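Got a structure for you, questions after.
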Amino acid sequence: MAAADWSLPAAGAYEIDQAASTVRFAARAMFGLFPVRGTFAIGHGRITVADPAEESSVQVVVETGSFESGNRQRDDHVKSADYLDVTRHPEISFRSHVLERSASEAALHGELTVCGVTQPVVVAIGRVSHEGNRVTATGTTTIDRYAFGITKGKGMTGRHLKIALDVVAHC
């Protein structure tokens with residue numbers, strides 16, 4: 001990422017616009033032969049831009065029941081106790097601790113909680129832009145579902161999920 005791909009908005013709190021933001025995932029199924037793609041909905045979240053920028057933070061909650069891959073039978077199974085157990089764990093949460101940046105890249109270091117298990121995660125920031133009170137940002141990370149205790153379907157269900165975020169927020 002070139003430094004020109006992102007610029008920081010004014011310091012302050014920006015509420016994530018759930019309708020305009022997207023959490024996409026990509027994984028492999030059937031022993032890695034078939035791609036599976038889909039989305040989750042953001043329940044709520046906040047981006048806090050600080051001065052200095054390295055003290056900025058992000059908090060976001062994703063609704064597990066919003067898992068959608070375009071295959072109802074698979075979606076229902078992923079929402080079951082075999083995987084996300086949406087009845088017991090209706091939310092996935094991310095809270096950043098530090099923004100690390102250089103002239104050419106930026107990353108949010110934080111914690112992701114899935115099914116009651118919290119693990120460290122790094123989100124690579126792809127682009128940040130702002131206009132008026134609106135901020136848009138992209139980010140990516142890869143999640144190992146086994147690290148969160150989601151181990152059903154070994155071989156049949158991909159272990160790693162690539163996550164892509166497109167976030168819009170307003171102050």
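The values are calculated or read from the model by the stated rules, or taken from the named source; none is laboratory data. Model, not experiment: these values are computed from the prediction. Glycine gets a Cβ as well: all are built from the backbone with ideal geometry, and neighbour counts include every protein chain shown. Remember, those area values only see protein heavy atoms, side chains included, never the ligands or the DNA or RNA. Shrake-Rupley method; radii C 1.70, N 1.55, O 1.52, S 1.80 Å.
Quickly rank 121-128, 99-106 as a protection proxy: mean count of other C-beta atoms within 10 Å, highest first.
The peptides rank, most packed first, as 121-128, 99-106.
Here is a further query. Run the dipole for the stretch 32-166 about the Cα centre, Lys and Arg Cβ at +1, Asp and Glu Cβ at -1, nothing else charged, and hand back the magnitude in debye, nearest 20.
With Lys and Arg at +1 and Asp and Glu at -1, about 520 debye.
When only the heavy atoms of the protein chains count and the probe is 1.4 Å, how do 171, 115 rank by accessible area, highest first?
The ordering from most to least exposed comes out as 171, 115.
For P(r) over Cα pairs in 5 Å bins from 0, in percent, several values are listed as (1) 1, 7, 13, 12, 12, 12, 13, 11, 8, 6, 3, 1, 0; (2) 1, 8, 14, 17, 15, 13, 11, 8, 6, 4, 2, 1, 0; (3) 2, 8, 16, 23, 19, 13, 10, 6, 3, 0; flag the one computed from this structure.
Label of the calculated value: (3).
Within the set of other residues whose C-beta is less than 13 Å from the C-beta of residue 143, count the net charge using Lys and Arg as +1 and Asp and Glu as -1.
+2
What FRET efficiency do you get for residue 59 and residue 22 if R0 is 22 Å and r is their Cβ-Cβ distance, rounded to the nearest 0.05?
Working from the Cβ atoms, E equals 0.80.
Something else: Between residue 140 and residue 13, how high is the FRET efficiency from 1/(1 + (r/R0)^6) when r is the Cβ-Cβ distance and R₀ = 22 Å? Nearest 0.05.
The value I calculate is 0.35.
How much length would be gained if the chain were fully extended between residue 164 and residue 117, taking 0.36 nm per residue of separation minus their Cα-Cα distance, in nm to one decimal?
Using 0.36 nm per residue and subtracting the Cα-Cα distance, I get 14.8 nm.
Show that you can apply the helix-only estimate: for the chain, add -39,500 (n - 2.57) for every DSSP H stretch of four or more residues, divide by all residues, and state [θ] at 222 nm to the nearest 500.
The helix-only estimate for the chain comes to -1500 deg cm²/dmol at 222 nm.
Take the Cα radius of gyration of the stretch 18-100 and divide it by 2.2 N^0.38 Å, with N its residue count; two decimals is plenty.
Normalised Rg, Cα atoms only: 1.31.
Using R₀ = 35 Å, calculate the FRET efficiency as 1/(1 + (r/R₀)^6) where r is the Cβ-Cβ separation of residue 72 and residue 103; round to 0.05.
E(calc), rounded to 0.05, equals 0.15.
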